[in-house]
Amino acid sequence: MLLVGVAAVLIWIRGGRSEPPAVLARWTDAVALVPPPRGLDWGDVKGYPAVDEALRGVDPDALRQALDEAGLDALWVGVTPEAPWGPELPLASRFAAGGVIRGFRGVYLAPEGMLYAVDKTEWPESLTGRVLGLVAREILEGHEPPPLDAFPDALASRQPVEVLVLLRGPGGVRLWRSARAESIAEGLNTAALAARKRWDERSETMGGPLEDRLDQLDVEVALLFDDGTLDGRAVSLIDPLVKPLHGVAYEQPARWRYLLPIATHDGKTPTEAYRQLFRDNGLPEESFDRKDLRLYRLRMKTVSVDHGSAGSRRDGVPSGSEEGSPPGSEPSVSNGESGSSAGSRTTNVVPKP
């Protein structure tokens, strides 16, 4: 009887998981470039010639079109994490390297393969320009947040997002707060209020009251989003798969924490960044395989910058610019600050197109 039990355990170990991870099971319209996990009936890419051809090319839009025409929305690819992933390389190679590819997001990253999905998010045109930065600055100055119906419909429409408000001075990032909400407008209001509250709480260590320093700071608004859950067995892949455009993040029930891309790659490896993140939030440094944590790569898309009178005065957008993520029914806030810096301007109504 004991031998039978031992044999059963060996079969289970050698056979691996009998069911696919839940995060993969809901993706029914995926195509596989390598054998998929057991229990998933994903067709081989060779059965979709147009998709196969597009993967050998370099145009993400052509691949999205081929997938759409085939009724597909995701790709299961093999893993070659140390390989280059530049835009001049075939898309199949870039996916296998865990690269950042326009129009796609990572879903699941494991030693045996990775799932990438078409990113169907439609970002409103109203995101461009300085308007959101100006609105955030007004809230930071102490004005009441604009009512949601003062925003253009595209910004107030329901869409799960995470909005970041970040203050940057000549010496670098001073403080940030992000909020998960059901619209960009709601997330902006919540994150700006949270940033103002946090500065007030730390006024002495931040170099004085926010109203005395805000005019010296750039106010940046960005969207944060998930670019792939890291399987608990993929610790060795963290460093090669967390690219320079990624931050590191983890999520627990009712709480999430992260380091932005610039902090993740500030003289340390992504694995070391995770250890710092765990340590700073009261967790053991080696918390990579905890069942109550979901580790994921974080991407950041900067959408608006309102420059202060003595801010960083950089052209374009800050480092880490790229592309939004999961929320809850109530707006909730996450963290960040690093040091000292404030002003006055008025624009109480967000212009509608």
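Read the figures in this text as sums done on the coordinates, not as results from a lab. For clarity, every value in this text was computed on a predicted model and none was experimentally measured. Heads up, the Cβs are rebuilt from the backbone with ideal geometry, glycines too, and the neighbour counts pull from every protein chain shown.
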Footprinting exposure proxy for 73, 227, 153 (fewest neighbouring C-beta atoms within 10 Å first) = 153, 73, 227
key: Relative contact order, percent, region 108-206 [alpha-carbon distance under 8 Å, six or more residues apart]   = 24 percent
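What FRET efficiency, computed as 1/(1 + (r/R0)^6) with R0 = 41 Å and r the Cβ-Cβ distance, is obtained for residue 279 and residue 46, rounded to the nearest 0.05?
Computed FRET efficiency for residue 279 and residue 46: 0.30.
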request  = Sequence neighbours fewer than 8 away in the same chain don't count; with that in mind, list the lysines whose C-alpha is under 29 Å from residue 197.
outcome  = 301, 352
remark   = For the pair residue 269 and residue 205, the simple spin-label estimate (label points 7 Å beyond Cα toward Cβ) gives in nm 3.0 nm
ask   = Taking the Cβ-Cβ separation of residue 150 and residue 38 as r and a Förster radius of 56 Å, what is the calculated FRET efficiency to the nearest 0.05?
value = 0.60
task = Obtain the nm distance between the two label points defined at residue 121 and residue 70 by a simple spin-label model: each point lies 7 Å from its Cα along the Cα-to-C-beta direction.
result = 2.5 nm
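State the extension gain, in nm to one decimal, for the chain segment bounded by residue 59 and residue 262, taking 0.36 nm per residue of separation less the distance between their alpha-carbons. Mind showing how you got there, number by number?
Details: separation 203, 0.36 × 203 = 73.08 nm, distance 2.79 nm.
Stretched fully, the residue 59-residue 262 segment lengthens by 70.3 nm.
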task = Over 31 Å, how big is the tail of the calculated P(r) for region 126-334, in percent of all Cα pairs?
result = 18 percent
request  = Bin width 5 Å, alpha-carbon pairs only: give the P(r) of region 19-118 as whole percents, running from 0 to the bin holding the largest distance.
outcome  = 2, 15, 27, 28, 19, 8, 1, 0
inquiry  = Let me make sure I get this right: for region 81-120, a, b and c are the square roots of the gyration tensor eigenvalues over alpha carbons, sorted descending. Under 1.5 in a/c it's rounded, otherwise prolate if a/b > b/c, else oblate. Which is it?
reply    = oblate
task = For region 122-173, state which trypsin sites (Lys or Arg not before Pro) are in a DSSP loop and have at most 14 other beta carbons lying within 10 Å of their beta carbon.
result = 158
